[in-house]
Amino acid sequence: MTQKTLRILGTRGVPAAHGGFETFAEYLSLYLVAQGWRVVVYCQEDGTGPVFEDTWQGVERVRIPVEQEGPKGTIVFDWLATAHAATHRDLCLTLGYNTAVFCSLLRIKGIPNVINMDGIEWSRMKWGPVAKTWFWMNDWAGCWLGNHLVADHPQIKVHLTSRVRADKITTIPYGADAVTSAPVEPVEALGLQPGRFMTVIARPEPENSLLEIVKGFSAKPRGMQLVVLGNYSDANVYHRAVKEAAGPEVKFVGAIYDKTVVQALRFHSAAYVHGHQVGGTNPSLVEALGAGNAVIAQDNRFNRWVVGEGALYFTGVEGFAACMDQVTADPALLQRLREQGQARYRADFTWPHVLQQYEDLLLKYLPH
């Protein structure tokens, strides 16, 4: 019997150093290797030179150097990775649909391909008309070209059923680690007191509600700090507006990628503030539940499914200020939210639960 083999496309590679998809690819590949699979992950390298291969913790890596930077480099890499995968007969898992049109190559060759359709990227405010059109076309292409689709959230499945039949789509969310302890030193190094601050982790864009959160928090003294992670540039009008709206209790600490520091910030936060208005199951929100955070989230169908009753929900500046007033008036409220959030995490978002669902689905599409 031949070994079960999976090729993972669509990420920058493993180990994870970038976003949610890379983290997921790392967890899934290590999990499947432990279950006896052969896993090949395509990895984007900066620079020039020939494609080379190595292994990392039992995971085979095909490393493809790409000269171009930014989105153009990603498109070139995705094409080269798909073309390489098309020379084999192995099951593919494509993470994201941003270059789904390339999956036509796999389809023509009769290579089974499961696509995780990610969020509704073309609807994001940050993209111009050309990018929106590209994403919209690839959203359709992915729906048609994938042998099966994964939606990370029931509302993403609802969106996808406007393009394909429901039985072509399986809903599987992201997972997160349970954080049950964390050192206080990284928190204190930032001048913060454990339990006396709230954290918000998001790219500074209008659809992530940063301006509403900062204005609402700064409406009056809160007796605690709001810690804002992310890169803020004075050259950017929106970034500048967020910083100018901040009162003395708001602290901008820049972008932090060190997992130990981020986990310590989450673990020692009084609450996690989540302002994302679009997207499916956001990895950052699931990580907050895994860290036992009380959650204050922007009120929309995506966030409500993830956290359920275990969150306070807000809309706009006044709504966020009202949530802060509630928390200040009733200190026991945060503890109740923590307990509800942890129960929600244990029910649906532990890695073993999520990865088992992926393996069960992939087994159905292995070539015979």
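The values are calculated or read from the model by the stated rules, or taken from the named source; none is laboratory data. It should be emphasised that the depicted structure is a prediction, and the values quoted were computed from it without experimental measurement. Neighbour counts are summed over all protein chains in view; Cβ atoms, including those assigned to glycine, are modelled from backbone coordinates with ideal geometry.
Here Asp167 passes the criteria (1) at pLDDT 95 or above; (2) of a type in the set (Asp, Glu); (3) in a loop (DSSP other than H, G, I, E, B) except the one numbered (3). Pairs are defined by a Cβ separation below 9 Å, a sequence spacing of at least 6 or placement on different chains, a first member in segment 64-88 that is of a type in the set (Ser, Thr, Tyr), and a second member that is in a loop (DSSP other than H, G, I, E, B); the pairs so defined are Thr74/Arg12; Thr74/Gln68; Thr74/Asn98; Thr74/Thr99; Thr82/Thr99; Thr87/Lys109. If you go through segment 150-167 and keep only what is more than 30 Å from Lys259 (Cα to Cα) and touching a strand residue (DSSP E or B) at 6+ places or on another chain (Cβ under 6 Å), you end up with Lys157, Leu160. State all residues of segment 66-92 that are more than 16 Å from Val41 (Cβ to Cβ) and polar (S, T, N, Q); if no residue qualifies, say none. Once the filter is applied, which keeps residues that are more than 16 Å from Val41 (Cβ to Cβ) and polar (S, T, N, Q), segment 66-92 yields Gln68, Thr87. For segment 110-134, the candidate set comprises residues that are at pLDDT 80 or above and buried (at least 18 other Cβ atoms within 10 Å of the Cβ); within that set, the residue that is farthest from Tyr358 (Cα to Cα) is Ile111. The residues of segment 207-262 that are among the polar types (S, T, N, Q) and in contact with an Asp or Glu (Cβ under 6 Å, 6 or more places away or on another chain) amount to a single one, Gln225.
Which members of segment 201-214 meet the condition of being under 23 Å from Ala264 (Cβ atoms) and not in a loop (DSSP other than H, G, I, E, B)? Listed by number, the residues that qualify are Ile201, Asn208, Leu210, Ile213, Val214. Cβ-Cβ distances below 6 Å connect the following pairs, each with a first residue in segment 166-183 that is free of Cβ contacts under 8 Å to residues at least 60 places away in the same chain, a second residue that is in a helix (DSSP H, G or I) and of a type outside the set (Asp, Glu), and a separation of six or more residues or different chains: Ile169/Lys157; Ile169/Leu160; Thr171/Pro154; Thr171/Lys157.
Counting only helices (runs of 4 or more DSSP H) that fall entirely inside segment 274-363 and contain at least 3 residues that are of a type in the set (D, E, K, R) and over 24 Å from Gln225 (Cα atoms), the qualifying elements are 332-348.
Residue by residue, here is whether (1) assigned to a strand (DSSP E or B); (2) over 29 Å from Thr171 (Cβ atoms); (3) aliphatic (A, V, I, L, M) holds:
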site: Val187; (1), (2), (3): no, yes, yes
site: Gly216; (1), (2), (3): no, yes, no
site: Gly223; (1), (2), (3): no, yes, no
site: Val227; (1), (2), (3): yes, yes, yes
site: Asp234; (1), (2), (3): no, yes, no
site: Lys251; (1), (2), (3): yes, yes, no
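Restricting segment 31-58 to residues that are among the hydrophobic types (A, V, I, L, M, F, W, C) and buried (at least 19 other Cβ atoms within 10 Å of the Cβ), the residue that is farthest from Thr2 (Cα to Cα) is Cys43. Across segment 155-192, which residue is surrounded by the fewest Cβ atoms within 10 Å (Cβ to Cβ) among those that are β-branched (Val, Ile, Thr) and more than 21 Å from Val354 (Cβ to Cβ)? Here the residue is Val184.
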